Amino acid sequence: MPEESIDHINFEDLNKNALSKPLVSHMYTADPSAHVFDGKIYIYPSHDIDAGEAFDDLGSHFAMEDYHVLSMDSIDSDTVDNGVALHVKDVLWAKQQMWAPDANEKNGNYYLFFPAKDYEGVFRIGVAISNSPIGPFKAQLEAIKGSFSIDPAVFKDDNEDYYMYFGGLWGGQLQRWKTGVFNATQPDSPTAFIPNANEPALLPFVAKMSDNLLEFAEEPKELQILDENGQLLKSGDTDRRFFEAAWMHKRNGLYYFSYSTGDTHFICYATGDNPYGPFTYKGRILNPVVGWTTHHSVCDVDGKTYLFYHDSSLSKGVTHLRSVKVAEISYRSDGSIVTLNPY
Ligand code: FUB
């Protein structure tokens, strides 16, 4: 798919009508994973740069090299950039493309989970540790054993079990792992090995984490996303099927798995009664933003629920130069989420 035209967009009007403003404007940031640690808000985003790579459907133009942690004392306060928290040159196993990260806390230590391509061009997921939520983080020497694809999100359940959700299509390589072994053929095709339209869609993965949060405690399992009739969503159901940007949150005992539909640009969600699913598709959280990608997190702050998301409005539509934003979301009495319009 070619890069979508933005010639028709009047950015002045769009920004006037925008639901929210970029949290920082001195650099580009994306894929915000937000958490509250010790009463303060921390956002773990990708740090977008223009590395001069041409746009392609493998996402080569997303050539990020490091991570910065953002923090806020409260939801209305200024957002602070805490500087470089981890650079690719300090990760032995990683060569390039530091994509969407997440973080979590356990026993006073902070863990940054991040995907990057190794020296064989395969996306893996790594962990880096710090005694501070803003880093600097020190990476493990190797990626997590058995990890693959992109967009890790690590959810802490009420009983203190931690689960990693991950996966992403096209440039995220999930379709190359169908047999359990990386398929390196047709390297330039983002859509090779994607199931046919009438076949079940590819699914994200979940794995419980080991006690030290450095390994998978089990073989990753597929996370089923079902339609209203209890059938797996189909690959051709591109308005609803999983593409990337996994996130999990829990409310009133119900598990909400949310994700991006990629080429149709929605943030959707599905609910289930346990961390492994199955999950049933319920609807959209966010309509399409300016820019090809959409990616988010959901975080409770002081009794309200917020969607952290990104768009490319500050860069006037440049796909790989995005800015993180935040907006409140609301639930209906049946637990369903009211869809947000970004403009
Ligand atoms: O930021 C690089 C990639 O773009 C992320 O990993 C995807 O979720 C998409 O936002």
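The table below gives the values:
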item	result
With all protein chains modelled, accessible area of residue 280 [1.4 Å, Å²]	40
Dipole magnitude of the chain about its Cα centre (Cβ charges: Lys, Arg +1; Asp, Glu -1), debye to nearest 20	300
Among 274, 69, 49 the positive-end extreme of the charge dipole of the chain (Cβ point charges)	274
Choice from 75, 43, 150 showing the highest fluctuation, given a GNM over the chain with Cα pairs closer than 10 Å	75
Phi-based couplings in Hz for the stretch 164-175 (Karplus 6.51, -1.76, 1.60; Gly and Pro marked x)	9, 10, 7, x, x, 7, 6, x, x, 6, 4, 5
Förster radius 35 Å - calculated FRET efficiency between residue 120 and residue 82 (Cβ-Cβ, nearest 0.05)	0.60
Förster radius 45 Å - calculated FRET efficiency between residue 138 and residue 229 (Cβ-Cβ, nearest 0.05)	0.40
Sequence ranges 220-230, 31-41, ranked by mean other-Cβ count within 10 angstrom, highest first	31-41, 220-230
HN-Hα J in Hz across the stretch 329-343 - Karplus 6.51, -1.76, 1.60, θ = phi - 60°, x for Gly and Pro	10, 10, 10, 7, 5, 8, x, 6, 9, 7, 5, 9, 9, x, 9
Spin-label pair residue 332/residue 185, simplified geometry with 7 Å Cα→Cβ offset, distance in nm	4.7
For the chain: accessible area per residue (Å², 1.4 Å)	42
Label point 7 Å beyond Cα of residue 252 along Cβ direction - residues of the stretch 303-343 with amide nitrogen under 20 Å	303-307, 328-340
Length released on extending from residue 264 to residue 37, taking residue separation times 0.36 nm less the Cα-Cα span	78.4 nm
Calculated SAXS-style log₁₀ I(q)/I(0) at q = 0.08, 0.12 Å⁻¹ - the stretch 3-329, Debye, Cα scatterers	-0.32, -0.77
Square roots of 5 times each gyration tensor eigenvalue, C-alpha, the stretch 1-106, largest first, Å	25, 23, 11
Alpha-carbon radius of gyration plus Dmax, which is the widest Cα pair, for the stretch 101-214 in Å	15.4, 48
Value of relative contact order over the chain, rounded to a whole percent, pairs C-alpha under 8 Å and six or more apart	16
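The values are calculated or read from the model by the stated rules, or taken from the named source; none is laboratory data. Model, not experiment: these values are computed from the prediction. So basically every Cβ, Gly included, is an ideal-geometry build from the backbone, and we count neighbours across all protein chains shown. The area values use the complete protein model at the heavy-atom level, side chains included, leaving out ligands, DNA and RNA. Shrake-Rupley method; radii C 1.70, N 1.55, O 1.52, S 1.80 Å.
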